[in-house]
1. For residue 194, only one of the following conditions fails: (1) touching a helix residue (DSSP H, G or I) at 6+ places or on another chain (Cβ under 8 Å); (2) loosely packed, with under 14 Cβ neighbours inside 10 Å. What is its number?
2. Report yes if residue 119 is assigned by TED's automatic domain parsing to the domain that holds residue 205 and buried (at least 19 other Cβ atoms within 10 Å of the Cβ), otherwise no.
3. Which pairs turn up if I take residues in the stretch 301-314 that are farther than 14 Å from residue 259 by Cβ and not assigned by TED's automatic domain parsing to the domain that holds residue 279 and look for partners that are in a helix (DSSP H, G or I) and modelled with pLDDT of 90 or more with beta carbon separation below 6 Å, at least 6 apart in sequence or on another chain?
4. Can you tell me which residue within the stretch 14-25, out of those that are exposed (fewer than 13 other Cβ atoms within 10 Å of the Cβ) and over 32 Å from the mean Cα position of the chain (by Cα), is modelled with the highest pLDDT?
5. Here is a list of conditions, (1) exposed (fewer than 15 other Cβ atoms within 10 Å of the Cβ); (2) farther than 23 Å from residue 251 by Cβ; (3) at pLDDT 90 or above, and residue 146 meets all of them except one; can you say which number that is?
6. Here is a list of conditions, (1) assigned to a helix (DSSP H, G or I); (2) modelled with pLDDT of 90 or more; (3) within 26 Å of residue 93 (Cβ to Cβ), and residue 228 meets all of them except one; can you say which number that is?
7. Could you identify the single residue in 139, 109 that is in contact with a helix residue (DSSP H, G or I) (Cβ under 9 Å, 6 or more places away or on another chain), within 30 Å of residue 264 (Cα to Cα) and in contact (Cβ under 8 Å) with a residue 60 or more places away in the chain?
8. Between 265, 290, which is buried (at least 24 other Cβ atoms within 10 Å of the Cβ) and either more than 19 Å from residue 219 (Cα to Cα) or at pLDDT 90 or above (or both)?
């Protein structure tokens, strides 16, 4: 514990020096490179101040006794509902603040942020109307199917965000309809527009709900609010929720939320009845719809459920399989493959780089309609 405190003290000093000294001495904000193309820029930005406050908060609470940790003590004085609400609001504000400061554009979340608008405004999942405003370098997440543009990614994430979009459309109809102007001009996706705002808002809300569910899991496992709070802070700030899922509509956010719901329902099923096995199965199945690679996690949990509940595991297995089978049928009908579209964009055995050649991977799509990275999969150069 003393070593951890000393490391945090050194980090606090180094961060303070990095955020202040280069700007004063050099007159500009240098960037410290990090893995995967990330960086920490020098300067007193909102993002840097948030980083510093999080490290400082951890440092102040690391050596405190259970009765001296003021935040844990404060949460302990609240009802379970108010404690969950407070944690959810704080997490939401953190993710939303960082999402607003997000500076990197990505094509990965283009379909997720636009499909709810298409469903509400046009009653379909055709994204052709948005094409004019999407930069060419970000259109790889769309595939031409006849005269339509469809997403190559699973529909679970945009469908999860759909209720948030629907509520916004009812409350602020004029602002919601402003997407038409943004996506009628070239590179309109780069402009401040309602789709970008709704993406950040929905992603932050989904990630915050995942944190609240995780808090409930910890409270059931440990029964101790101080430990639960620390585990929840680690989950909310030390996983992909902070780096990606809480900032944009990636598949990670809904997958984390529904996997957490599945775990919570399984814990409650052991104490409160089989109906929670039904909810756990539906949550696990929807997690697969949002992010198919979670099938590995679902398989492990399915084995545990069978061992723990015996024949009572049947509702979980059936209801977990129903959404999974439904999305496989959807993939087969739309893409001609049970794995869907995006799974064929990369291969375990072929590097994902610009030096590889491309070929169309959907039988329904004509060869001539393929462009750059749209509706294509990698193969080795011949």
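1. So the condition that residue 194 fails would be (2).
2. No, not satisfied.
3. No pair meets every condition.
4. 17
5. Failing condition for residue 146: (3).
6. Of the numbered conditions (1) assigned to a helix (DSSP H, G or I); (2) modelled with pLDDT of 90 or more; (3) within 26 Å of residue 93 (Cβ to Cβ), the odd one out for residue 228 is (2).
7. Of the residues listed, the single one that is in contact with a helix residue (DSSP H, G or I) (Cβ under 9 Å, 6 or more places away or on another chain), within 30 Å of residue 264 (Cα to Cα) and in contact (Cβ under 8 Å) with a residue 60 or more places away in the chain is 109.
8. Criteria check complete, one pass: 290.
The values are calculated or read from the model by the stated rules, or taken from the named source; none is laboratory data. No experiment lies behind these values; they were computed from the predicted model shown. Cβ coordinates were reconstructed from backbone atoms using ideal geometry, including for glycine residues, and neighbour counts include every protein chain displayed.
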